[in-house]
1. Any idea which of (1) closer than 15 Å to GLU145 by Cβ; (2) part of a helix (DSSP H, G or I); (3) open to solvent by 20 Å² or more (accessible area, probe 1.4 Å) is the one ALA84 doesn't satisfy?
2. Hey, any hits in the stretch 151-158 for a residue that's modelled with pLDDT under 90, farther than 23 Å from ARG41 by Cα and either touching a Cys at 6+ places or on another chain (Cβ under 8 Å) or assigned to a loop (DSSP other than H, G, I, E, B) (or both)?
3. Examine the stretch 37-44 for a residue that is among the polar types (S, T, N, Q), in a loop (DSSP other than H, G, I, E, B), at pLDDT 85 or above and over 19 Å from LEU131 (Cα atoms), and state whether such a residue exists.
4. I'm trying to understand the selection: among the residues of the stretch 151-175, which are under 20 Å from GLY19 (Cβ atoms) and of a type in the set (A, V, I, L, M)?
5. When you check ALA13 against the structure, is it at pLDDT below 90 and closer than 28 Å to GLU145 by Cβ, yes or no?
Amino acid sequence: MFDDLAPVAPVAAAALGAGLSLAGTALYLRDIRRGTTTPHRGSWLVWGVIAVIAAAAHEADGGHWGLVVLVVQALTTLAVLAVAVRCGVGGITAGNALMLAVAGAGVLGWITLADPTAAAACAAIADGAGLAAIVPKIWADPHSETRATYALAGASGLLTVVAVASADPALLLFPVYFCLANTATAQLIALRRRRVPSPAGRCAVDPPLPAPPLPAPPLPHQWAPPPPVQALTRAEVGS
């Protein structure tokens, strides 16, 4: 029975991994629209380039179902990058530029030496630099990132490993890194949120109670004519 299920496992893992990647991106874009998440442009630029490189290296080394997840990850990362350009914070740092150069060197080595493992290794290193660039932002304000997106990305990386169904290091290197790095980022966000109050918690103030109404000013004294004096009768005068 298990032998019959073995060919199905990579297909199911690829479909589920792609679905988790789409769901994580949808949550991230939702939070950007709400204004609770602010993507870092430099990091998402690095991740977008690296995701494309990882998918290309995987395809060059003969990846099949694992490639489905990596392609979806690349497309969703580029979608977030497009939004981050308009709604994000930060820019290209020297570290980002250096890691993009490292990734470019990996691609060059992949093309000249026909070694996808080198390209995958450089992609993992460069992607890690993108994460390192976002760590100070997470440390200072963990509520500015969507934790569920990173948790789902970690699970998606694990499912990519299952979908690969091979022990080839060139195929496994980047998915394994992707799983561990994103899971660690999700845990970092969770730990920092326990110590850093949310912006709503910092800014929310109970509305002041309405002031009691002022007493009505006293009415001005209205003059009233004195009662009429009745004329005394003779009997009352004589008495």
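The values are calculated or read from the model by the stated rules, or taken from the named source; none is laboratory data. Note that the structure is a prediction, hence the values are computed from the model and not measured. Heads up, the Cβs are rebuilt from the backbone with ideal geometry, glycines too, and the neighbour counts pull from every protein chain shown. Calculation scope for accessible area: heavy atoms of the full protein, side chains included, ligands and nucleic acids excluded. Shrake-Rupley method; radii C 1.70, N 1.55, O 1.52, S 1.80 Å.
1. Exception for ALA84: condition (3).
2. Among the residues of the stretch 151-158, not one is modelled with pLDDT under 90, farther than 23 Å from ARG41 by Cα and either touching a Cys at 6+ places or on another chain (Cβ under 8 Å) or assigned to a loop (DSSP other than H, G, I, E, B) (or both), which makes the answer no.
3. Of the residues in the stretch 37-44, the ones among the polar types (S, T, N, Q) are 37-38, 43.
Next cut, in a loop (DSSP other than H, G, I, E, B) only: 37-38.
Filter again for at pLDDT 85 or above, leaving 37-38.
Those still in the list that are over 19 Å from LEU131 (Cα atoms) too: none.
Among the residues of the stretch 37-44, not one is among the polar types (S, T, N, Q), in a loop (DSSP other than H, G, I, E, B), at pLDDT 85 or above and over 19 Å from LEU131 (Cα atoms), which makes the answer no.
4. Our first condition is that a residue be under 20 Å from GLY19 (Cβ atoms); within the stretch 151-175, this holds for 151-165, 174-175.
Answer for the stretch 151-175, where residues must be under 20 Å from GLY19 (Cβ atoms) and of a type in the set (A, V, I, L, M): ALA151, LEU152, ALA153, ALA155, LEU158, LEU159, VAL161, VAL162, ALA163, VAL164, ALA165.
5. Numbers: at pLDDT below 90: yes; closer than 28 Å to GLU145 by Cβ: yes.
When the stated conditions are applied, ALA13 passes them.
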